[in-house]
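K.L.:
A single structure is presented below for examination.
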Amino acid sequence: AQSVTQPDIHITVSEGASLELRCNYSYGATPYLFWYVQSPGQGLQLLLKYFSGDTLVQGIKGFEAEFKRSQSSFNLRKPSVHWSDAAEYFCAALGGNKLTFGGGTRVLVKP
Amino acid sequence: GAGVSQTPSNKVTEKGKYVELRCDPISGHTALYWYRQSLGQGPEFLIYFQGTGAADDSGLPNDRFFAVRPEGSVSTLKIQRTERGDSAVYLCASSPGGGGGYTEAFFGQGTRLTVV
C-alpha cells in the first residue's frame, strides 16, 4: 500500500537555528512529492513540490527539499528558522490523483 | 483572486443528525477533492471530482457519506446519521485539472465538524 511517513511528531528548534524535517514514502514508482505547512486556524499552504528533474527543489519562505530515490526520502530543510515558522508540516505524495499525507511534524520555535 | 471557500467554518451537530458541508472551489478549476483531518493526524482522502462526476470515491468511509458536484463547481459533502467519530476538520481542495496533468491542489481553511 502507498504510504508516507514522517518519523518526528514534534521538533523544537531555537530561532535562527537550522531545521530538517524527515519524510519517507513507500510507492511503486517515484510519486510526485509535496510539502505543506498548516498554521493554527489556517488552511494547508504548499511550500514546494517535486515532480522530476533537479532533486533539490526550492520553495517559498526559504524552504528547500531534497529528493533521494535511494532512500525513498524527501526531507525538508531551512537554514535559519524564524519564530513565524512555528506550525505543523505535512509531507504528501500524489498517486492516482489523490494525495497521501504523512502524520505531520509539529515545529516549535524557541526564542 | 478568491481561494477555495468552505462553509460553515464550524459546525456542531447532535449524534444522528444530518449535515451538509459546502465547498466553493477556485473559479475555473475542474478538479475538486475532499479530505478529512482528524485531530493530530494528516489529512485523509475522501473523494475526487473531475467536473461533475466523482472520479474516485474510494476514501468515503461508509455509505453515510456522500458528495455531489452537480454543475461542476460548488460541491457539497453530505453526512447522514452522524456519529461522534465523524468529528474532524473536513478540507476541500481544487486544482486546475484538464489535460495538462496535475499541478497543485489549493486547500480551503476547512470546516470543523463536532458531533456531540
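K.L.:
If R₀ is 45 angstrom, what is the calculated FRET efficiency for the pair B:Val116 and A:Arg77, using the beta carbon separation as r and rounding to 0.05?
P.N.:
0.60
K.L.:
Ignoring ligands, DNA and RNA, how much accessible area is buried between chains A and B, both sides summed, with a 1.4 Å probe, to the nearest 100 Å²?
P.N.:
1500 Å²
K.L.:
On average, how much accessible surface per residue is there in segment B:1-102, in Å², for a 1.4 Å probe, leaving out ligands, DNA and RNA?
P.N.:
48 Å²
K.L.:
Related question: What average number of partner chain Cβ atoms lie no more than 10 Å from the Cβ of the residues making up A:96-107?
P.N.:
Taking the mean over all residues of the peptide, I get 5.
K.L.:
Take the Cα atoms of segment A:3-110, build their convex hull, and give its volume per residue in Å³.
P.N.:
Convex hull of Cα atoms, per residue: 95 Å³.
K.L.:
A follow-up question, please. What full-extension length gain, to one decimal in nm, is calculated for B:Ser27 and B:Ser87 as 0.36 nm per residue of separation minus the Cα-Cα distance?
P.N.:
That pair, B:Ser27 and B:Ser87, stretches by 18.7 nm at full extension.
K.L.:
Give me the one-decimal Kirkwood hydrodynamic radius in Å for segment B:5-99, with the sum taken over alpha-carbon pairs.
P.N.:
One decimal place: 13.5 Å for the Kirkwood radius.
K.L.:
For a test of understanding, tell me how many lysine pairs in chain A have Cα atoms under 17 Å apart, given they are 8 or more places apart or on different chains.
P.N.:
6
K.L.:
Probe 1.4 Å, all protein chains in place: accessible area of A:Ile60 in Å², nearest 10?
P.N.:
Probe radius 1.4 Å; accessible area of A:Ile60 about 70 Å².
K.L.:
Identify, among B:Ala2, B:Ser38, B:Gly16, the residue whose Cα sits farthest towards the positive end of the charge dipole of chain B, taking +1 on the Cβ of Lys and Arg and -1 on the Cβ of Asp and Glu, with the dipole about the Cα centre.
P.N.:
B:Gly16
K.L.:
Further, regarding this structure: Which of A:Leu46, A:Phe63, A:Tyr25 sits closest to the plus end of the dipole of segment A:3-110, meaning its Cα is farthest towards the positive end, when Lys and Arg get +1 and Asp and Glu get -1 on the C-beta?
P.N.:
Among A:Leu46, A:Phe63, A:Tyr25, the one farthest towards the positive end of the dipole of segment A:3-110 is A:Tyr25.
K.L.:
Something else about it: Got a number for carbon plus sulfur as a percent of segment B:5-99's accessible area, 1.4 Å probe?
P.N.:
46 percent
K.L.:
Then there is this: Taking R0 as 35 Å, what FRET efficiency do you get between A:Lys110 and A:Lys68 from their Cβ-Cβ distance, rounded to the nearest 0.05?
P.N.:
It comes to 0.75.
The values are calculated or read from the model by the stated rules, or taken from the named source; none is laboratory data. None of these values were measured; they are calculated from a predicted model. Methodologically, a virtual Cβ is constructed for each residue, glycine included, from the backbone with ideal geometry; neighbour enumeration extends over all protein chains shown. To get the accessible areas, we keep the full protein, side chains included, count just its heavy atoms, and leave off ligands, DNA and RNA. Shrake-Rupley method; radii C 1.70, N 1.55, O 1.52, S 1.80 Å.
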